[in-house]
Amino acid sequence: MSHSAELIAVGTELLLGEIANTDAQMLSQGLSALGINVYYHTVVGDNPQRLRAAVELARTRADVIITTGGLGPTCDDLTKNILAECFGRKLVYNAEAAARMEDFFRRIGRPMTENNYQQAYVPEGAEVFQNDWGTAPGCAFEEGGVHVLMLPGPPGECRAMFRHRAVPYLRRLSQGVILSRSLRLFGLGESAVEAELRDEMNAMTNPTLAPYAKIGEVELRITARGADEAAAQALIAPVEEELRERFGSLIYGADVDSLEQVLLELLRDRGLTLGTAESCTGGLTAKRMTDLAGSSAVFRGGVVSYTNEVKRDVLGVPQDLLDREGAVSEPVARAMAEGARRVLGCDLALSFTGVAGPDRDDRGNEVGLVYVALAAPGETRVRVLRNGPTRGRSGVRHIAASHGFDMARRWLTGLPDRDK
C-alpha cells in the first residue's frame, strides 16, 4: 500500500519570512526515499483556530500527517494540544521525557524552568519519540486510518528525530522493504533528462523513477518495493544499468552527495593534490572543497586572483597577454591554471575567469561567459561556458565551479572532456 503525506509547519516566524522552512525540504526528500508521496505542504502560524482548520483539512486528503514546530515550552507552542483535540485524545504525562529534559538541563548547566514540563505531555497512546538532540519529545499515533507524527521545529533536532525516530515508524507502515538508489548527472538539465525518460517514467509502477533538479545537475532516484532488500535491489538493478548505458559518463556517481565529494575521493585514491586560481568565482571552488571533511589531504590551497595585478604578480600571467586578450579569455584561463599549479605545487589546478554579472565587462563580454581551465601533467584543458544572465550571479559561479570539478573528475578517470 502506498501512502500520501501532508507536511504542516507550525510557526508565525515562517509566515513572516524570518526563517526558511528547511524542515519541509528535508522531510520531502526523506519521505520520497521511503516511497511516501508528499502532495501538500502547509505553513500555519501560532494560532489555534487556523492550526485546527489545517489539521482537519489535511486528514481528508492524506493518511500521513507530519507536523514540525510548536512543541516547545512557551504559551504559543500549541501543536500537541490541537492535534490531540482534533483526534479525540487527551494529553498524558511522560515521565521518561521529563527525566530526559532534567538531565539535559543539568548537562548544560542551566536551571530548568517549570514551563518546560509541559513538553513532557503527549497524546494518550502515542509512541513517544524521545529527543536526544534537544528537549521537546516528538510522538506518533494512528487514528481512523491516519498516522500523525509530531517533530520539533529546530532543523538540527528535526533532522535527527526524523532519521532516528520517524523513519523506523514509517517503515513499519509498508509491507516489505522500500529501497532507493540515486544517480547524479552533470551535463544535462532537468528538462532534457525528463524529455529523454518521460515515457519510461510514466509507464513505471515498481520500481519508480523520478528526476530532481539541482543547481546545474540532476538527480535520478529509483525507488522499489520488495518482499526483502534483495528483492527490491533486484528491481532497481536493471533500471540503473539501462540509465548508465543511456547517459554514460554524465553519471558521476550513485548515492553520492556532490561532485566535489567524488573528486576528493578520486584524488585521495590516487595520491594527488588540487589547487585553484579563481577570479569570477571568488573562492567558491576552494570553499566547496574545504567544506568536506578530509579535504586537507588533497587540497593544497587557492588564489583568489580577482584583479589583473594578482593574476600577473602572483600567478605569473604575462601582462601583454592580459592587455591583448583580456582577463576573460581562454589564453588567460590557461595561464592562470598553469600558474596556480606551479605556485601551489599541486598535481592538478583549476582556474576560473569570466563575467558573473549583473553587467557585461569592459570588453563587452556577456554575463555568464566563463572560461574554466584544468592544468594537469602534460596538458591543459579549457571549457567555455555560456550560462546567460538568467542564472544570476550566484548561479553562474556555482555552475562554473561544478564544471571545474567535472573536468578534474574526467581527467582522473581517463575520460575525454565533454564537447565545449
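The values are calculated or read from the model by the stated rules, or taken from the named source; none is laboratory data. Everything numeric in this text was worked out from a predicted model, so none of it was measured. Cβ atoms come from the backbone with ideal geometry, glycine included; neighbour counts cover every protein chain shown. Remember, those area values only see protein heavy atoms, side chains included, never the ligands or the DNA or RNA. Shrake-Rupley method; radii C 1.70, N 1.55, O 1.52, S 1.80 Å.
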Counting only residues that are part of a helix (DSSP H, G or I) and out of contact with any Phe, Trp or Tyr (no Cβ under 9 Å at 6 or more places or on another chain), which one in the range 71-82 is nearest to Pro137 (Cα to Cα)?
Thr79
Restricting to the range 202-213, what's the tally of residues that are closer than 30 Å to His398 by Cβ and surrounded by 14 or more Cβ atoms within 10 Å (Cβ to Cβ)?
5
Exactly one condition in (1) over 30 Å from Pro211 (Cβ atoms); (2) open to solvent by 20 Å² or more (accessible area, probe 1.4 Å); (3) of a type in the set (D, E, K, R); (4) touching a residue at least 60 places away in the same chain (Cβ under 8 Å) is not met by Lys80; state its number.
(2)
If you check Val128, Val148, which single one turns out to be assigned to a strand (DSSP E or B), more than 21 Å from the chain's Cα centre (by Cα) and crowded, with 23+ Cβ neighbours inside 10 Å?
Val148
Selection count where residues are modelled with pLDDT under 95 and out of contact with any Lys or Arg (no Cβ under 8 Å at 6 or more places or on another chain), scope the range 23-44
7
Here is a list: Leu197, Leu185, Leu170. Which entry is within 24 Å of Ala140 (Cα to Cα) and of a type in the set (A, V, I, L, M, F, W, C)?
Leu170
Segments classed as strands (runs of 3 or more DSSP E), wholly inside the range 308-420, with at least 3 members that are crowded, with 23+ Cβ neighbours inside 10 Å and not small (Gly, Ala, Ser)
348-354, 369-376
Residue count, the range 285-307 (criterion: open to solvent by 40 Å² or more (accessible area, probe 1.4 Å), of a type outside the set (Lys, Arg) and assigned to a helix (DSSP H, G or I))
3
Which of the residues that make up the range 151-166 are open to solvent by 10 Å² or more (accessible area, probe 1.4 Å) and either over 18 Å from Lys80 (Cα atoms) or of a type in the set (Gly, Ala, Ser) (or both)?
Gly153, Pro155, Gly156, Arg159, Ala160, Arg163, His164
Looking only at the range 16-62, which residues are outside any helix (DSSP H, G or I), buried (at least 19 other Cβ atoms within 10 Å of the Cβ) and among the charged types (D, E, K, R)?
Asp46
